[in-house]
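The values are calculated or read from the model by the stated rules, or taken from the named source; none is laboratory data. Here the structure is a predicted model, which means the values were calculated and not measured. Glycine gets a Cβ as well: all are built from the backbone with ideal geometry, and neighbour counts include every protein chain shown.
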Amino acid sequence: MKTTKQYGKKIDRALGMWVKLARAFHTMNALADRNINTFGLTTPQFGALECLGHLGSMTIGQLCKKMLVSGGNMTVVIDNLEREGLVERIRDTADRRKILVRLTEKGRRLFKKIFVEHAEYIAELTSVLTAEEQEEVSRLLKKLGKNLEPLR
């Protein structure tokens, strides 16, 4: 549905792009969340397992930066994962003031099992675009994000 009010080509184009980006993100995010929930995890829990599974042990602060969430929220996520036996907190041997979070053996097994399944689901969702289109969208979104980051 096209709006009747026009703000000029530059503004109309930018607003149109923003709305399409927001709608596509909202829809894809909801579908990804629904898939993650089938594993018995919340999206933040899955994200923490993913970060730890790919990057290894890290502090809660480092996890927060990777996942773009607050420390208080991440502490609750880690508490719940720890209660399930999926992660553990350990003292950093180089700096005993630091507490690292790492996957337990149970957490590594779960990560290996569910990550591939979820990744295949994401690939299925994005298959409406050709490989070249997916690469172009990735390139353009990276360019947009990198250039907007300093404005935060």
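What about residue 122, is it of a type in the set (Val, Ile, Thr), surrounded by 10 or more Cβ atoms within 10 Å (Cβ to Cβ) and within 26 Å of residue 20 (Cβ to Cβ)? Taking the combined requirement at face value, the residue satisfies it.
Confirm whether residue 136 is of a type outside the set (Ser, Thr, Tyr), without any contact (Cβ under 8 Å) to a residue 40 or more places away in the chain, in a helix (DSSP H, G or I) and under 19 Å from residue 39 (Cβ atoms).
Details: of a type outside the set (Ser, Thr, Tyr): yes; without any contact (Cβ under 8 Å) to a residue 40 or more places away in the chain: yes; in a helix (DSSP H, G or I): yes; under 19 Å from residue 39 (Cβ atoms): no.
In short, no.
Name the residues in the range 136-152 that are more than 17 Å from residue 126 (Cα to Cα) and touching a Leu at 6+ places or on another chain (Cβ under 9 Å), would you? 144, the sole residue that qualifies. Criterion applied to 117, 82, 135, 50 was being more than 27 Å from residue 25 (Cα to Cα) and not hydrophobic (A, V, I, L, M, F, W, C), and the one residue passing it is 82. Scanning the range 102-116 for residues that are free of Cβ contacts under 8 Å to residues at least 60 places away in the same chain and either in contact with an Asp or Glu (Cβ under 9 Å, 6 or more places away or on another chain) or closer than 24 Å to residue 35 by Cβ (or both) yields a count of 10.
Could you tell me whether residue 50 is touching a residue at least 40 places away in the same chain (Cβ under 8 Å) and charged (D, E, K, R)? Walk me through how you get there before you give the answer.
Values: touching a residue at least 40 places away in the same chain (Cβ under 8 Å): yes; charged (D, E, K, R): yes.
So residue 50 fits the description; yes.
Checking the stated criteria, residue 3 turns out to be more than 21 Å from residue 103 (Cβ to Cβ), outside any helix (DSSP H, G or I) and either in contact with an Asp or Glu (Cβ under 9 Å, 6 or more places away or on another chain) or at pLDDT 95 or above (or both). Candidates are the residues of the range 32-71 that are at pLDDT 95 or above, more than 18 Å from residue 88 (Cα to Cα) and surrounded by fewer than 14 Cβ atoms within 10 Å (Cβ to Cβ); the one that is nearest to the chain's Cα centre (by Cα) is 33.
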